[in-house]
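J.: There's a structure below that I have some questions on.
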Amino acid sequence: PSKATSPIVEATRRLTAPTPNSFSPESTGPRAPYTISNPINTTRLHGLIVNALSTQLEQSGHRVINDQARDIAILNSRGMVDTLLEVKTDSSTSSIYTGVGQLLLHTANDVPEPRRVLVLPTAVNAKLGNALSKIGIRILLYNSRGEEAPPIFDSLEGLLLKN
């Protein structure tokens, strides 16, 4: 995928790039206390994305399921998981690491191994994309259209047709 990454994701990548021959000790001890003076309002984008993706998959003829651990699983004709999709609402390093762990752990005992798809809002750099490909994880990008409109998924059917 060639979609541009967000400035926050690029800054995280620059900060997390290892410096040769160096070690920086991590912080220890108690954190400084803080208070939040204003209420925090959030929108549950994850559900919007998962629901839109499952609807599109079902409309394309796929049989989808989910459970507490798995965002979306596509079943084959024998009722086995053919593809596991893990949805993230951002492309931060921690979200990608979490998604990779979820995809690998939730398919570790599946025979044959299902396709593993990480669903992200922005592209990853080539180095990370190659690493994900080496461990059998594909990327599906989506375009958010706001907090209430369902997102658009780039190359969904093409991704699912690849072996």
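J.: Is it true that Thr83 is touching a residue at least 12 places away in the same chain (Cβ under 8 Å), closer than 19 Å to Ile49 by Cβ and open to solvent by less than 20 Å² (accessible area, probe 1.4 Å)? I'd like the intermediate steps shown before the answer.
T.: On the way: touching a residue at least 12 places away in the same chain (Cβ under 8 Å): yes; closer than 19 Å to Ile49 by Cβ: yes; open to solvent by less than 20 Å² (accessible area, probe 1.4 Å): yes.
When the stated conditions are applied, Thr83 passes them.
J.: What single numbered condition from (1) closer than 16 Å to Leu140 by Cα; (2) among the β-branched types (Val, Ile, Thr); (3) part of a loop (DSSP other than H, G, I, E, B) fails to hold for Thr107?
T.: Here Thr107 clears every test but (1).
J.: Have a look at Thr107, Thr122, Thr89 and point out the one that is out of contact with any Phe, Trp or Tyr (no Cβ under 8 Å at 6 or more places or on another chain), in contact (Cβ under 8 Å) with a residue 24 or more places away in the chain and open to solvent by 60 Å² or more (accessible area, probe 1.4 Å).
T.: Working: Thr107 fails: open to solvent by 60 Å² or more (accessible area, probe 1.4 Å); Thr122 fails: open to solvent by 60 Å² or more (accessible area, probe 1.4 Å).
Criteria check complete, one pass: Thr89.
J.: Out of curiosity, is Arg70 without any contact (Cβ under 8 Å) to a residue 12 or more places away in the chain, under 18 Å from the mean Cα position of the chain (by Cα) and surrounded by fewer than 20 Cβ atoms within 10 Å (Cβ to Cβ)?
T.: Here the answer is no, as Arg70 does not meet what is asked.
J.: Within segment 125-157, restricting attention to residues that are open to solvent by less than 40 Å² (accessible area, probe 1.4 Å) and without any contact (Cβ under 8 Å) to a residue 24 or more places away in the chain, which residue is farthest from Leu45 (Cα to Cα)? First the steps, then the outcome.
T.: Looking only at segment 125-157, we keep the residues that are open to solvent by less than 40 Å² (accessible area, probe 1.4 Å), and these are 129, 132, 136-137, 139-142, 146, 149, 151, 153, 156.
The next check asks that each one be without any contact (Cβ under 8 Å) to a residue 24 or more places away in the chain; those that pass are 136, 146, 149.
On the way: Gly136: 26, Gly146: 9, Ala149: 10 Å.
Top of the filtered list is Gly136.
J.: Test Ser94 against the criterion of being surrounded by fewer than 16 Cβ atoms within 10 Å (Cβ to Cβ) and either aromatic (Phe, Trp, Tyr) or within 22 Å of Gly47 (Cα to Cα) (or both), and give yes or no.
T.: yes
J.: If you don't mind, another one. Is there a residue in segment 110-119 that is assigned to a strand (DSSP E or B) and in contact (Cβ under 8 Å) with a residue 60 or more places away in the chain?
T.: To start, the set of residues in segment 110-119 that are assigned to a strand (DSSP E or B) comprises 115-119.
Narrowing further to those that are in contact (Cβ under 8 Å) with a residue 60 or more places away in the chain: 119.
For segment 110-119, residues assigned to a strand (DSSP E or B) and in contact (Cβ under 8 Å) with a residue 60 or more places away in the chain: present.
J.: A further question follows. Kindly establish whether Glu113 is open to solvent by 60 Å² or more (accessible area, probe 1.4 Å) and either in contact with a Phe, Trp or Tyr (Cβ under 6 Å, 6 or more places away or on another chain) or within 21 Å of His46 (Cβ to Cβ) (or both). It would help to see each step written out before you state the result.
T.: Details: open to solvent by 60 Å² or more (accessible area, probe 1.4 Å): yes; either in contact with a Phe, Trp or Tyr (Cβ under 6 Å, 6 or more places away or on another chain) or within 21 Å of His46 (Cβ to Cβ) (or both): no.
The answer is no for Glu113.
The values are calculated or read from the model by the stated rules, or taken from the named source; none is laboratory data. Every value quoted in this text rests on a predicted model; they were computed, and no experiment measured them. All Cβ positions, even for glycine, are placed from backbone atoms using ideal geometry, and neighbour counts span all protein chains on display. Calculation scope for accessible area: heavy atoms of the full protein, side chains included, ligands and nucleic acids excluded. Shrake-Rupley method; radii C 1.70, N 1.55, O 1.52, S 1.80 Å.
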